[in-house]
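Written below as structure tokens is the structure these notes are about.
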Ligand code: NIG
Ligand code: FE
């Protein structure tokens, strides 16, 4: 069995180095620089070039086109005969900084308990928070680093990572500092999200307001001062944070320059989607439940809906109604939600397969959602998510395959031969 090869382009290490990929059977996701997202009917089209070449220099895409127009030579040449080349996955929703694991809850669920029942008896997010607060920054970094390497080998070139298992002043800062170190060390492009409002910690059970004030008055100023986050998130859900609390947090986050990406409509519809849109959220994530009001609100917005089919699979909850969203003319992004409780997997290839199998997305729609729209959901449209001159050369080269549909069809197989990460 051959292992996927991961090539990192460190521009400082190979100044002026050029890599030519030639004889590409299909170069997928070719787009113009001014495109930002794809929605509705257009999601069915995955622009491509047959029998193509692609030239990268210093980790960036500098040219692509028909193979006959390929340059004569480059510092390195890769023959991609029979293979597809596509943009690396853009995973816009993860929680990969965590301590320990929660397989005992997995067994509890098999025995009949729901995610919410497990949380109510002290498991769930609070369980992870207890473990995280006992774990050193170094250990957290090391375990997250290993997860990131695995994701990279599975084709992920850009990823968003959330805090939210600290749930204390020190714990949240510790998580965000780990994410900052991951950003500094990894070739994968990383965005950081402050999710202090992930669950109400035990110590604040009788003092909800105290916790919200800790987030607003102490954590947000410190996080902004240290430049530790790009976005703000809230778990807007019954028994977690109300719509009013969500609005207050998003409004405060915005004052510190943090745009919102919000967990909403996972188990209940409580009016969160409209509230997030009102606060100009970049994305609303989960949406396993969705009503007509949510759909109309999304239609009048620039907010990206994000589906997390790995979470639906793992928890046995409904899948985000992708057909309804796309058929109504809306965009959709796909992400893993990699976390210890509701989706312990960072495999975007599986996410794409699940979207096709269980959400009735076509292979082209699913790939657009996992690349181009995923980049939008991290504010990375200018650098990631498509084959565009000037963008990072973060690419997947597949093994020899018969067609695009063969990728999601072969669910569970590793069809990636090489991953190139331009940084
Ligand atoms: O996206 N729903 C909230 N947060 C995570 C799960 C976190 C956990 O169970 O540890 C999610 O599913
Ligand atoms: Fe999540």
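Could you list all residues from segment 93-112 that are within 13 Å of ligand 1 (Cβ to nearest atom), at negative phi and either in contact with a strand residue (DSSP E or B) (Cβ under 9 Å, 6 or more places away or on another chain) or outside any helix (DSSP H, G or I) (or both)?
Answer for segment 93-112, where residues must be within 13 Å of ligand 1 (Cβ to nearest atom), at negative phi and either in contact with a strand residue (DSSP E or B) (Cβ under 9 Å, 6 or more places away or on another chain) or outside any helix (DSSP H, G or I) (or both): 93, 94, 95, 96, 97, 98, 99, 101, 102.
State which residue is nearest to residue 345 (Cα to Cα) when the search covers only segment 119-156 and only residues that are in a helix (DSSP H, G or I), more than 16 Å from ligand 2 (Cβ to nearest atom) and touching a helix residue (DSSP H, G or I) at 6+ places or on another chain (Cβ under 8 Å). Walk me through it before giving the result.
Going residue by residue through segment 119-156, those that are in a helix (DSSP H, G or I) are 119-120, 124-133, 137-153.
In the following step, the residues that additionally are more than 16 Å from ligand 2 (Cβ to nearest atom) were identified as 120, 130-131, 133, 137-143, 145-146, 148-150, 152-153.
Retained after the next criterion (residues that are touching a helix residue (DSSP H, G or I) at 6+ places or on another chain (Cβ under 8 Å)): 133, 137, 140-141, 145, 148.
Details: 133: 23, 137: 22, 140: 17, 141: 18, 145: 14, 148: 11 Å.
Filtering segment 119-156 for residues that are in a helix (DSSP H, G or I), more than 16 Å from ligand 2 (Cβ to nearest atom) and touching a helix residue (DSSP H, G or I) at 6+ places or on another chain (Cβ under 8 Å), the one nearest to residue 345 (Cα to Cα) comes out as 148.
Quick check on segment 336-351. Is at least one of its residues modelled with pLDDT of 95 or more, outside any loop (DSSP other than H, G, I, E, B), surrounded by fewer than 23 Cβ atoms within 10 Å (Cβ to Cβ) and away from ligand 2 (no atom under 16 Å from the Cβ)? Break it down into steps so the answer makes sense when it comes.
Keep residues of segment 336-351 that are modelled with pLDDT of 95 or more, which gives 336-351.
Now restrict to residues that are outside any loop (DSSP other than H, G, I, E, B): 339, 343, 348-351.
Retained after the next criterion (residues that are surrounded by fewer than 23 Cβ atoms within 10 Å (Cβ to Cβ)): 349-350.
Narrowing further to those that are away from ligand 2 (no atom under 16 Å from the Cβ): 349-350.
Checking segment 336-351: at least one residue is modelled with pLDDT of 95 or more, outside any loop (DSSP other than H, G, I, E, B), surrounded by fewer than 23 Cβ atoms within 10 Å (Cβ to Cβ) and away from ligand 2 (no atom under 16 Å from the Cβ).
Quick test for you: out of 322, 377, 370, pick the one residue that is closer than 24 Å to residue 418 by Cα and either in the same structural domain as residue 26 (by TED's automatic domain parsing) or at pLDDT 95 or above (or both). Walk me through how you get there before you give the answer.
Values: 322 fails: closer than 24 Å to residue 418 by Cα; 377 fails: closer than 24 Å to residue 418 by Cα.
Only one candidate qualifies: 370.
Can you run down the residue pairs with Cβ atoms below 6 Å, 6 or more apart or on separate chains, where the first is in segment 322-341 and closer than 14 Å to residue 304 by Cβ and the partner is part of a loop (DSSP other than H, G, I, E, B) and within 16 Å of ligand 2 (Cβ to nearest atom)?
Hits for this filter: 333/92; 333/377; 335/92; 335/93; 335/308.
Could you check segment 296-311 and list, in sequence order, the residues that are crowded, with 18+ Cβ neighbours inside 10 Å and either within 10 Å of ligand 1 (Cβ to nearest atom) or without any contact (Cβ under 8 Å) to a residue 24 or more places away in the chain (or both)?
Passing the criteria: 308, 310, 311.
Residue check, residue 358 against (1) in contact (Cβ under 8 Å) with a residue 24 or more places away in the chain; (2) assigned to a loop (DSSP other than H, G, I, E, B); (3) away from ligand 2 (no atom under 16 Å from the Cβ), all met but one. Which one?
Looking at each condition in turn, residue 358 falls short on (2).
Just the residues that are touching a helix residue (DSSP H, G or I) at 6+ places or on another chain (Cβ under 7 Å) and within 16 Å of ligand 1 (Cβ to nearest atom), please, taken from segment 313-326.
313, 315, 318, 319, 320
Considering every residue within segment 308-318, establish whether at least one is away from ligand 2 (no atom under 15 Å from the Cβ) and either part of a helix (DSSP H, G or I) or on the phi < 0 side of the Ramachandran plot (or both). Break it down into steps so the answer makes sense when it comes.
Here is the first cut: in segment 308-318, the ones away from ligand 2 (no atom under 15 Å from the Cβ) are 316, 318.
Keeping just the survivors that are either part of a helix (DSSP H, G or I) or on the phi < 0 side of the Ramachandran plot (or both) gives 318.
There is at least one residue in segment 308-318 that is away from ligand 2 (no atom under 15 Å from the Cβ) and either part of a helix (DSSP H, G or I) or on the phi < 0 side of the Ramachandran plot (or both).
State yes or no: is residue 244 out of contact with any strand residue (DSSP E or B) (no Cβ under 9 Å at 6 or more places or on another chain) and either away from ligand 1 (no atom under 15 Å from the Cβ) or at pLDDT 95 or above (or both)?
Working: out of contact with any strand residue (DSSP E or B) (no Cβ under 9 Å at 6 or more places or on another chain): yes; either away from ligand 1 (no atom under 15 Å from the Cβ) or at pLDDT 95 or above (or both): yes.
In short, yes.
If residue 268 passes every condition in (1) buried (at least 18 other Cβ atoms within 10 Å of the Cβ); (2) within 16 Å of ligand 1 (Cβ to nearest atom); (3) at negative phi but one, which one does it miss?
Tallying (1) buried (at least 18 other Cβ atoms within 10 Å of the Cβ); (2) within 16 Å of ligand 1 (Cβ to nearest atom); (3) at negative phi, residue 268 fails exactly one: (1).
The values are calculated or read from the model by the stated rules, or taken from the named source; none is laboratory data. No experiment lies behind these values; they were computed from the predicted model shown. In this analysis, Cβ positions are derived from the backbone assuming ideal geometry, glycine residues included, and neighbour counts consider all displayed protein chains.
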